[in-house]
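Take a look at the structure set out below.
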Amino acid sequence: MREVRILVRRGRPGVWTALIVGLAFPAGLHAQAGHDMHGGHAMHGAAMEGGWVMPPMDPTMPMLPGLETAVPPVSAWLPGEGHDPSHFPEALPSAPVDVPDGGLLELEVTTVRKRIAGREYLMYGYNGQIPGPLIRAPRGGTIQVRVTNRIPMETTVHWHGIRLDQEHDGVPGMPHPPIAPGESFTYEIRVPDAGVFWYHPHVREDIQQDLGLHANLVVRDPDAPPPPVNREEVLVLDDLLLADNGRLIPWGQEAPTHAFMGRFGTVMLVNGATDHRIQVRRGEVVRFYLTNVANARTFNVRFGDAAVKLVGSDQGPMERQVMVPSVVIGPSERYVVDVHFPDEGEVEITNTIQAIDYFRGLFFPEVTPLATVAVGDGVAPSSGSGVITGVAQGGEDHGVAFRILASDPVVEADRVRFREHLTRAPDHTLVATMRHRNLPNAIVLSMEIDTLYVPPMEWNDAMPEMNWLSTGKQVEWILREEGTGREGEEIDWDFRVGDLVKLRVFNDPRSFHPMNHPVHIHGQRFLVVARDGVVQENLVWKDTAIVPTGSTMDLLVEMSNPGEWMVHCHIAEHLHTGMHFHFTVAER
């Protein structure tokens, strides 16, 4: 049969149609035969030189000439190599813990034994849990968390999205060094804002976060009424890269592998499990708190045919609630949605995407199960689970409230002061790009073919061999300041508390390997005010937002927190291959 290819010139800017409204496919539509990325070549899963294991590839995908036995030019690393997994405690599921204002939480970083899809792996956990404890703290308070490091690597804890004091932000050397094995450090965490935050390492997070060091920290407003839902559920979205035979694909010791696209997993995890199930009653409205902790994967989360209402994101509620068919959530983003379950039966929560096959020039739908909601008979129970609010929501019928797309007058009034800034010129412009050196010639030649399509979003790893072989020794991801040409840590920005800074980020589609980037700003909060020149009217406070390839995103950053703060891409491999810089906010 003759192959049909879609040939689109490399570098053509992609079109980003919506941030939240994702791709919708009919229920039950799965990847076409021949596109199962869990298939592989004969050597995939077998040990190679230096302990490397090749990641799975489509069995019909040709290997690049000269790379049949190639391995990344760094040492292969696995946790607990040579140790019997049975000697380590079994990982526990996440459990909520309330920490009052002035309270202290002891948090240990340990090696645990985790069962995934019937096989045991050595991973890392906070207090033996994957995800770690769900910390609940009151808005306006200050809590302490004493972290003791029991793993054989240095570590830190970054309190993602919280406008805390800079010295406790968890960035190595700013000012505190990483926590050495066997040592402890006490973080003092001031929590001025209500919202859904999370915590994770900022030392080789491509390894440590991927191995289980991640969890939510929820800041509750004690005066806020509970939401009009029957129960709350936390969904921590992740993936893990396994070989065809179930072995973990090693990580790079001296530098990350998968430097092109980031490390896409082959197994999807929700709350650390492949078979996460939720029991609800017919007629219930459930509030889901979604957090994407994956190294690189952007999810498009669909709740079957159930009605979904978007109510909030990283740092609070939307100005106006809106119905959506699915939720696009990039690495480190959070979204809050209410979902109504009026009918009995099972509702499958899926990652529903349009994958790409570069070698054939084809797109194909791919629907991967994430979790299952079992909707039982009867009406909503007398009490519901308040995992976030800490209170039971009760058994009322919230169907009427669900159908109302509410606006929050307090939130809308807060946004009024920013309206005049929505269309003004940016104060600074950043360009996202990359450079490379010493890559194998076969990879360079393949990537430089100018008939490859450049998608706005990389939903899947369509080049697993080339991605695996690219490392931080060969690939450098860059944030470049337009006008000055300064790159990375050469960028020198100084602001004062109270400044409203408009930052434009352009994701250059002409770079060697264009890739979408989730941009994260430490210590401050921002509004996404425009995408590709289209002003955004429904504003929400964010700390991370994804920029598709070829797109431009305008951020209005409220400089409210003094200190020296980091900007970086939250694809873990991009962070650790240079895509970061710092800026300073001084007291006024």
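FYI, it's all coordinate maths here, none of it is from the lab. Just so you know, these numbers come straight off a predicted model, no measurement behind them. Note that we place each Cβ from the backbone using ideal geometry, even for glycine, and neighbour counts take in every protein chain shown.
Quick notes on this one:
- Kirkwood radius, the chain, all distinct C-alpha pairs, inverse of mean reciprocal distance: 24.4 Å.
- For the chain, share of DSSP beta bridges that run antiparallel, in % to the nearest 5: 75 percent
- Dipole orientation for the chain: of the candidates Gly80, Pro225, Phe341, Phe341 has the Cα lying most toward the positive pole (charges on Cβ; Lys, Arg +1; Asp, Glu -1).
- In this structure, the amide hydrogen of Gly128, modeled 1.01 Å from its nitrogen in the peptide plane, lies closer than 5 angstrom to those of Thr110, counting only residues at least 5 positions away or on a different chain.
- Toward the positive end of the charge dipole of the chain, with +1 on the Cβ of Lys and Arg and -1 on the Cβ of Asp and Glu, the farthest Cα among His513, Tyr121, Gly390 is that of His513.
- Ranked packing of 204-213, 498-507, most packed first, by mean Cβ within 10 Å: 204-213, 498-507
- Normalising the Debye intensity of the stretch 289-445 to I(0), with uniform scatterers on Cα atoms only, and taking log10 at q = 0.08, 0.16 Å⁻¹ returns -0.39, -1.16.
- Percentage, to the nearest whole number, of Cα pairs in the stretch 198-333 over 21 Å apart: 49 percent
- Phi to ³J(HN,Hα) by Karplus 6.51 cos²θ - 1.76 cosθ + 1.60 over the stretch 580-588, Hz, x for Gly, Pro: 6, 6, 10, 9, 10, 10, 9, 4, 7
- Sequentially through the stretch 102-109, phi angles give Karplus couplings (6.51, -1.76, 1.60; θ = phi - 60°) of x, x, 10, 10, 8, 10, 9, 9 Hz, Gly and Pro residues having no value and appearing as x.
- Computed over the stretch 484-566, Kirkwood Rh from alpha-carbon pairs, angstrom: 13.8 Å
- Computed [θ] at 222 nm, helices only, for the chain once each DSSP H run of length n ≥ 4 contributes -39500 (n - 2.57): -1500 deg cm²/dmol
- Given charges at beta-carbon only (K, R positive; D, E negative), |dipole| of the stretch 119-171 in Debye: 260 debye
- Each DSSP beta bridge with both residues in the stretch 85-220 is either parallel or antiparallel, and the antiparallel ones are about 65%.
- Dipole check for the stretch 85-220: with +1 at the C-beta of Lys and Arg, -1 at the C-beta of Asp and Glu, and the Cα centre as origin, the magnitude is about 400 Debye.
- In straight-distance terms, cross-link reach from Lys309 covers every one of the lysines whose alpha-carbon lies under 25 Å from its own, apart from those fewer than eight places away in the same chain; here that gives Lys542.
- Vicinal HN-Hα couplings computed from phi for the stretch 189-200 (Karplus, 6.51 cos²θ - 1.76 cosθ + 1.60; Hz; Gly/Pro x): 10, 7, 10, x, 10, 6, x, 9, 10, 8, 10, 6
- Long-range amide H partners of Trp541 with built H, under 5 Å: Gln315
- Distance from the stretch 151-204 to the stretch 462-491 (C-alpha centre basis), Å: 25 Å
- Only the Cβ atoms of Lys and Arg (+1) and of Asp and Glu (-1) were treated as charged; on that basis the dipole of the stretch 486-588 about its Cα centre amounts to roughly 280 debye.
- Pairs of Cα atoms farther than 25 Å apart, the stretch 85-220, %: 22 percent
- Computed packing ranks the peptides 421-432, 299-310 as 299-310, 421-432, most packed first, by mean other Cβ atoms within 10 Å.
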